[in-house]
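Everything below concerns the one structure shown next.
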Amino acid sequence: MIHQRRARLLRRAYNSGAGLRQGAALCPFWPLSRMRRTGYAARRYGNRDGKMRKKAGLAVVLVSLLVAVPARPDAIGDGNICYEKFATADYKGAIRYCTSAIDSGELQDPDLIAALINRGVAHKSIGEYESAIADYTRALRIAPNDALLYQNRANALHEMGDDDAALEDIQKSIGLDPKSAGAWYVRGAIAEARGNRGDARKYYMTALGLDPENKVYREKILGNGSR
């Protein structure tokens with residue numbers, strides 16, 4: 001279960017709209033802990049006890065997982081503070097603490113990937129797209145078949161204006177996980193940026209079909225259809 005303080009921080013972030021802008025809404029931000037790990041860790045270690053909290057495309061994945069050799073407590077603590085800083089829209093603070101956790105050299109691969117994703121999301125939230133892309137690329141060297149990493153990098157590339165590279169990444173992401181609503185949404189955003197409104201609407205509809213409660217996707221379809 002989510003710690004009560006962390007849950008309050010998440011609700012405060014959701015209510016203030018933190019991370020719910022177009023694009024930012026697509027990127028999960030994950031806490032680190034010896035007992036609560038990322039969806040990547042769950043897939044890698046076969047754990048099926050994952051729980052997901054979602055609002056407008058923002059997903060927080062918490063998974064119970066025992067690890068034989070835990071990371072140094074300070075590294076895990078810095079990673080969790082990074083997560084909480086992001087939840088209160090303190091993106092520079094999030095970057096600072098994630099960097100401390102990453103540079104410690106003590107994180108196991110699943111937590112290192114989570115910290116890189118979290119720092120990448122924070123960089124992207126303040127428009128530092130190149131830094132975000134660098135973090136996703138580093139994580140992909142560890143997990144080269146992770147669909148979410150390709151999705152996040154595609155989203156950052158798209159917002160930076162490099163739609164050719166973004167299209168290549170999002171096609172890889174969809175190939176790895178065709179049921180990812182967020183990936184189809186990014187595919188639609190790329191098509192829309194290229195002036196392909198019909199294709200964009202089709203991809204947005206696919207995203208909404210996979211996540212029918214998502215208000216961001218629904219509003220995007222209505223806006224796209226009215227043009």
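Could you please find all residues in the range 144-185 being of a type in the set (Phe, Trp, Tyr) and more than 13 Å from the chain's Cα centre (by Cα)?
Of the range 144-185, the ones of a type in the set (Phe, Trp, Tyr) are 150, 184-185.
Residues satisfying the conditions are Trp184, Tyr185.
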Taking first residues from the range 214-227 that are at negative phi and second residues anywhere that are modelled with pLDDT of 90 or more and outside any helix (DSSP H, G or I), the pairs with Cβ under 9 Å that are 6 or more apart or on different chains are Tyr217/Asp211; Arg218/Pro212
Restricting the range 106-116 to residues that are crowded, with 24+ Cβ neighbours inside 10 Å and in contact with a helix residue (DSSP H, G or I) (Cβ under 6 Å, 6 or more places away or on another chain), the residue that is nearest to Ile81 (Cα to Cα) = Ala115
Check whether at least one residue in the range 167-179 is in the same structural domain as Arg218 (by TED's automatic domain parsing), closer than 16 Å to Met205 by Cα and either assigned to a helix (DSSP H, G or I) or of a type in the set (Asp, Glu) (or both), and report yes or no.
-> yes
Tell me, which helices (runs of 4 or more DSSP H) lie completely within the range 85-149 with 2 or more residues that are under 27 Å from Lys179 (Cβ atoms) and not assigned by TED's automatic domain parsing to the domain that holds Met160?
-> 109-125, 129-142
Residue in the range 158-173 that is farthest from Arg218 (Cα to Cα), counting only those that are surrounded by fewer than 21 Cβ atoms within 10 Å (Cβ to Cβ) and of a type in the set (A, V, I, L, M, F, W, C) = Ala165
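Look through Ser64, Ser125, Ser104 and report the one residue that is modelled with pLDDT of 85 or more, of a type in the set (Ser, Thr, Tyr) and over 27 Å from Tyr185 (Cα atoms). Even if it seems obvious, please write down each step before you answer.
Numbers: Ser64 fails: modelled with pLDDT of 85 or more; Ser125 fails: over 27 Å from Tyr185 (Cα atoms).
Of the residues listed, the single one that is modelled with pLDDT of 85 or more, of a type in the set (Ser, Thr, Tyr) and over 27 Å from Tyr185 (Cα atoms) is Ser104.
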Filtered residues of the range 186-227 (kept if over 18 Å from Ile174 (Cα atoms), in a helix (DSSP H, G or I) and basic (Lys, Arg)) | Arg197, Lys215, Arg218, Lys220
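The values are calculated or read from the model by the stated rules, or taken from the named source; none is laboratory data. Small disclaimer: the values here were computed from a predicted structure and weren't measured. Glycine also receives a Cβ, built like all others from the backbone with ideal geometry; neighbour counts cover every protein chain displayed.
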